[in-house]
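Undergrad: My questions will all concern the structure given below.
Throughout, read-outs are computed from the coordinates displayed, never taken from laboratory work. The structure displayed is predicted, hence computed values, not measured ones. Backbone-built Cβ (ideal geometry, glycine too); neighbour counts: all protein chains shown.
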Amino acid sequence: MDSSVQHQPRIAFDAARILVDVSVADAGLFAWYCDQVAALLGPTYRRDLLATRKELATSQRIDVRDVEGGKWRVRLEDVLRTRPEVSEGLHQLTLAARVRLPRIG
């Protein structure tokens, strides 16, 4: 039995940041991530991830990454509030995606 306490707002924040990073990454990483998110949260999340990827690629806004990340943070907080059983899975997916992202700098 795991006795660790999970801070859902932090899990949502970290997941949203990584989600935005993955959404501008190469197609292979993005496809893997979409599959993982859809398996964890449901197929509608795949569609929404595709919309985010398109928005990040086409928007002229300089703050598009912040806007998309903020929208996802709120959405993920909501899902964690209503489905707390996915907290650990989302946290593990965030960690797995982070190590797959290319290092910059």
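Residues checked against (1) farther than 18 Å from Asp35 by Cβ; (2) within 13 Å of the chain's Cα centre (by Cα); (3) not acidic (Asp, Glu):
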{"residue": "Arg65", "(1), (2), (3)": "yes, yes, yes"}
{"residue": "Glu77", "(1), (2), (3)": "yes, yes, no"}
{"residue": "Arg81", "(1), (2), (3)": "yes, no, yes"}
{"residue": "Gln92", "(1), (2), (3)": "no, yes, yes"}
{"residue": "Ala97", "(1), (2), (3)": "no, yes, yes"}
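Undergrad: Filter the stretch 45-90 down to the residues that are within 21 Å of Leu29 (Cβ to Cβ), hydroxyl-bearing (Ser, Thr, Tyr) and out of contact with any Leu (no Cβ under 8 Å at 6 or more places or on another chain) and list them by number.
TA: Within the stretch 45-90, Tyr45, Thr58, Ser59 qualify.
Undergrad: Within the bounds of the stretch 41-52, is there any residue that is closer than 16 Å to Arg100 by Cβ and either assigned to a helix (DSSP H, G or I) or touching a residue at least 40 places away in the same chain (Cβ under 8 Å) (or both)?
TA: yes
Undergrad: Still on this structure, I have one more. Looking at Leu80, Leu56, which one is surrounded by 20 or more Cβ atoms within 10 Å (Cβ to Cβ), more than 17 Å from Ala97 (Cα to Cα) and either touching a residue at least 24 places away in the same chain (Cβ under 8 Å) or in contact with a helix residue (DSSP H, G or I) (Cβ under 6 Å, 6 or more places away or on another chain) (or both)?
TA: Matching residue, one of Leu80, Leu56: Leu80.
Undergrad: Right, next: Would you please list the contacts, defined by Cβ atoms under 7 Å and residues six or more apart or on different chains, that run from a residue in the stretch 61-76 that is under 11 Å from Leu19 (Cα atoms) to a residue that is among the aromatic types (Phe, Trp, Tyr)?
TA: Going by the 7 Å Cβ cut-off, the qualifying pairs are Arg73/Phe13.
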